[in-house]
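**Q** Got a structure here, written out as structure tokens. Questions coming.
The values are calculated or read from the model by the stated rules, or taken from the named source; none is laboratory data. This is a predicted model, so every value here is computed, not measured. Virtual Cβ from ideal backbone geometry, glycine too; neighbours counted across all protein chains shown.
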Amino acid sequence: MSLQMSSSAVQATSRPLVELEDFSLWRQNRSVLDGLSFTLPKGQNLALVGESGAGKSTIGLALMGLLQSQGVKMAGRARFDGQDLVSLNARAWNGLRGRRLGMIFQDAGAALDPCFTIGHHLAFPLRRLLGLSSRQATERALALLESVGINDAKARLKAYPHELSGGMQQRVMIGIALACEPDLLIADEPTSALDVTIQAQIVRLIQDRVRMQGASCIFVLHDLALASQACERIVVLYAGQVMEAGLAEVVLGRSRHPYTQALKSCVIELDTAALEPPPGAAPSLDRMPSGCRFAPRCPRASERCTAEKPPLQGTEAHQIACWHPG
Amino acid sequence: MTALLFELLDVEKSYELRGGGAAFRPGPKRRLRALDGVRLTVARGDSVALVGESGSGKSTLLRVLMGLTSPTDGRALYGGQDVTQLKGERRAAFQREVAMVYQDARGSLNPRLPVLDLIAEPIRHHKLRAGPAVRDRVLELLDQVGLPAATLKRYPSQLSGGQVRRVAIARALASEPLTIVADEAVSGLDVSTQAQLLNLLVELQRRMGLTLIFITHDLGVASFLCDQIAVMYLGRIVETGPTRAILERPAHPYTQALLNAQPRFFAPIAQPLQGEIPSPIDLPPGCRFAGRCPRAVPACREDDPALMPSGQGRAVACIRPLTAAA
Ligand SMILES: Nc1ncnc2c1ncn2[C@@H]1O[C@H](COP(=O)(O)OP(=O)(O)OP(=O)(O)O)[C@@H](O)[C@H]1O
Ligand SMILES: Nc1ncnc2c1ncn2[C@@H]1O[C@H](COP(=O)(O)OP(=O)(O)OP(=O)(O)O)[C@@H](O)[C@H]1O
Ligand code: SF4
Ligand SMILES: [Mg+2]
Ligand SMILES: [Mg+2]
């Protein structure tokens, strides 16, 4: 194979790393994710964007096998490297989680155990999953902390989580997720507590790894500009459904869905004087509208929109679920 | 003259670190200076944004300001009185007048209480409503932060990250405070929810003269919400003054670096600053930013620049500022 081969050619020859097909999830019989379909080719990054409560973290947790509990029901297909995740048993999950799948959790502070030092948090997975000796693990841990831009890493290994700033805790979580070099990294708001200079550094670090190891990353991002910079593909979610998906330059550059357009109009810039968010709030899980879930807040909604759910239609490059795309 | 609400007078806050371990230099106890000579005054009705490097001491500054921790040196005053010494009625007034939103929203909420009780607690505590009016007020607050009424019965563990953050904001608003001190209150929220909350805060500013002290990483949020800005780097305020003026013509090279690193649609991710971030434990002589500063000259590594007024309400700590604010 020639190195010059374009990335689209690679896509054609290898199967996607992640493939969701009509994937749905219920908690206590309430629909949280409804008929999601999207694919992520190997070596690419994808951003999940959308309203708070839309189900972004739920997708991440489901892909990590962390929702295999009572009260949660799943349907449809979710494949990782060709393997169906919906029917996977606990044993098989343990082989994937931490080794091939890594996750940076949204609430970094809550994800770190206050009783253990940072060094312990970092070294533990290295020893257990990669079988490193305690000295090797400490050395790797040190290198990882430095790679996420934490100064005085040696002293920080002995610190407890509460002794680090919020952004440092978040970077420790990133170090832990990167430790075992997963094939798929799920980064849930990885940089929301970081200043923009460190954010740029971290996103570049993740991008470099993706390029070097042919790994992929699913980011959950609220910063649409950052999503356009960091990811090839974008999936816009609203109330558990895909509204618009495809290539970043199309979905964010030439958005056609009223919800994506509303999101873009809420992006705040240095000279923003007024903000006009869409009226109302996202529906609650108990009271999902039956047609298009965005209809109650949509400026273009018609009778058909409230009666009939619009299907997700289009090509790999651009899919839209809307009766009246702009 | 407007009365000063908060005053930080040359505040220093340092933490003793655990020494020991063969890898560490023996000798005197190591101290980490989280804040070093910080001066800040906030008058009633002011809105101040705190921005800066992760770990630069922003959260520590708020903790000192709120009297949650005493400064190692210097003084923190509220209405002219030492904030850690407020007693009786003055203490009660302070608790009533000032509400805080913590950086770790999930960690700041009691996981055993449903949302109704979490938000009702300050209402009952300050006797702002009684009987069924309490519940009505909670519903009103939920609506203001864009959460449906069904949220009342949920526990924090059943809510998404952004929903928890909005509950924390509703709780802060519940005591009808005159001042809101917020640590990353809107980070990690989707842009439309963020826009809704920012509009709410601006309205409270206009209607009730709410005072705001707001940590944010988003310079757009800082400029939308706050008239004043203070940029922090490694325990110091390095630039301060009117937000618009500073973001239009930054004087400190670190402020400029922050502006350069702001995400921009479809642009390549900003080149991170080169050079070492010094450890707050072993601070080098001279300017703390010198190691990463593109404008540094040898003198920068010798003299520690103090925060000096530069006219028009601005001040900068740099011997080679970018713009001499004429
Ligand atoms: N343990 C739980 N039990 C019941 N419902 C839950 C639970 N966790 C989450 N939910 C609900 O599922 C929906 C999706 O939540 P999820 O955390 O995936 O949202 P999100 O898109 O990540 O939002 P955010 O941007 O606010 O983090 C929300 O309505 C949330 O309230
Ligand atoms: N209890 C503590 N013990 C020891 N060090 C501490 C403690 N609390 C904070 N620090 C240190 O003080 C410095 C400033 O922390 P602070 O939390 O104020 O930063 P911050 O500016 O809020 O950062 P971020 O944006 O990442 O939240 C950091 O180096 C942190 O590790
Ligand atoms: S389907 Fe109708 S309601 Fe839904 S986004 Fe399109 S126009 Fe709006
Ligand atoms: Mg989430
Ligand atoms: Mg902080």
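**Q** Which residue is nearest to residue B:158 (Cα to Cα), if the candidates are limited to segment A:277-296 and must be in contact (Cβ under 8 Å) with a residue 40 or more places away in the chain and at the interface with chain B (Cβ under 8 Å from one of its Cβ atoms)?
**A** A:285
**Q** Name every residue in segment A:283-326 that is away from ligand 1 (no atom under 16 Å from the Cβ), closer than 28 Å to residue B:143 by Cα and among the hydroxyl-bearing types (Ser, Thr, Tyr), in order of residue number.
**A** A:290, A:302, A:306
**Q** Name the single residue that is modelled with the highest pLDDT among those in segment B:175-188 being of a type in the set (Ser, Thr, Tyr) and touching a His at 6+ places or on another chain (Cβ under 7 Å).
**A** My answer is B:175.
**Q** Shifting gears a bit: Restricting attention to segment B:213-230, which residues are within 10 Å of the chain's Cα centre (by Cα) and more than 12 Å from every other protein chain (Cβ to nearest Cβ)?
**A** Answer for segment B:213-230, where residues must be within 10 Å of the chain's Cα centre (by Cα) and more than 12 Å from every other protein chain (Cβ to nearest Cβ): B:213, B:214, B:230.
**Q** Just for segment A:301-326: of the residues that are of a type in the set (D, E, K, R) and within 27 Å of residue A:46 (Cβ to Cβ), which one is modelled with the lowest pLDDT?
**A** Ranking the candidates gives A:316 first.
**Q** Right, another one. Give segment B:202-211 a look and list any residue that's under 20 Å from residue A:269 (Cα atoms) and more than 10 Å from every other protein chain (Cβ to nearest Cβ), or say none.
**A** Listed by number, the list holds a single entry, B:203.
**Q** In segment A:200-219, how many residues are within 9 Å of chain B (Cβ to nearest Cβ), in contact with a strand residue (DSSP E or B) (Cβ under 8 Å, 6 or more places away or on another chain) and surrounded by 24 or more Cβ atoms within 10 Å (Cβ to Cβ)?
**A** Matching residues across segment A:200-219 total 0.
**Q** Hey, could you check segment B:120-155 for residues that are under 27 Å from residue B:92 (Cβ atoms) and within 16 Å of ligand 1 (Cβ to nearest atom) and say which is modelled with the lowest pLDDT?
**A** That would be B:145.
**Q** Of the residues B:202, B:164, B:191, which is touching a His at 6+ places or on another chain (Cβ under 7 Å), on the phi < 0 side of the Ramachandran plot, among the β-branched types (Val, Ile, Thr) and free of Cβ contacts under 8 Å to residues at least 60 places away in the same chain?
**A** Values: B:202 fails: touching a His at 6+ places or on another chain (Cβ under 7 Å); B:164 fails: touching a His at 6+ places or on another chain (Cβ under 7 Å).
Residue meeting the stated conditions: B:191.
Table: residues versus (1) more than 14 Å from chain B (Cβ to nearest Cβ); (2) over 15 Å from the mean Cα position of the chain (by Cα).
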position: A:40; (1), (2): yes, no
position: A:60; (1), (2): no, no
position: A:66; (1), (2): no, no
position: A:69; (1), (2): no, yes
position: A:76; (1), (2): yes, yes
position: A:79; (1), (2): yes, yes
position: A:94; (1), (2): yes, yes
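**Q** Of all residues being more than 10 Å from chain B (Cβ to nearest Cβ) and without any contact (Cβ under 8 Å) to a residue 24 or more places away in the chain in segment A:143-171, which is nearest to residue B:235 (Cα to Cα)? Just the residue, please.
**A** A:146
**Q** When segment B:250-281 is examined, which residues are found to be touching a strand residue (DSSP E or B) at 6+ places or on another chain (Cβ under 8 Å) and assigned to a loop (DSSP other than H, G, I, E, B)? Talk me through it step by step, then tell me what you get.
**A** Of the residues in segment B:250-281, the ones touching a strand residue (DSSP E or B) at 6+ places or on another chain (Cβ under 8 Å) are B:250-252, B:254-255, B:258, B:280-281.
Selection gives B:250, B:251, B:252, B:280, B:281.
**Q** In addition: Would you point out the residue of segment B:47-72, among those that are polar (S, T, N, Q), in contact with a strand residue (DSSP E or B) (Cβ under 6 Å, 6 or more places away or on another chain) and within 14 Å of another protein chain (Cβ to nearest Cβ), that is surrounded by the most Cβ atoms within 10 Å (Cβ to Cβ)?
**A** In this case the residue turns out to be B:56.
**Q** Another question, then. Among residues belonging to segment A:96-119 that are out of contact with any strand residue (DSSP E or B) (no Cβ under 9 Å at 6 or more places or on another chain) and away from every other protein chain (no Cβ under 14 Å), point out the one that is nearest to residue A:135 (Cα to Cα).
**A** Ranking the candidates gives A:116 first.
**Q** Find all pairs meeting these conditions: Cβ atoms under 8 angstrom apart; at least six residues apart or on different chains; first residue within segment A:255-266 and within 11 Å of chain B (Cβ to nearest Cβ) and touching a residue at least 60 places away in the same chain (Cβ under 8 Å); second residue in a helix (DSSP H, G or I) and not aliphatic (A, V, I, L, M).
**A** So the pair list comes out as A:263/B:192.
**Q** Residue A:274 fails exactly one of the following numbered conditions: (1) more than 7 Å from every other protein chain (Cβ to nearest Cβ); (2) within 14 Å of the chain's Cα centre (by Cα); (3) under 26 Å from residue B:166 (Cβ atoms); (4) among the aliphatic types (A, V, I, L, M). What is the number of that condition?
**A** Failing condition for residue A:274: (2).
**Q** Which numbered condition in (1) of a type in the set (Asp, Glu); (2) more than 16 Å from ligand 1 (Cβ to nearest atom); (3) touching a strand residue (DSSP E or B) at 6+ places or on another chain (Cβ under 9 Å) is the only one that residue A:271 fails?
**A** (3)
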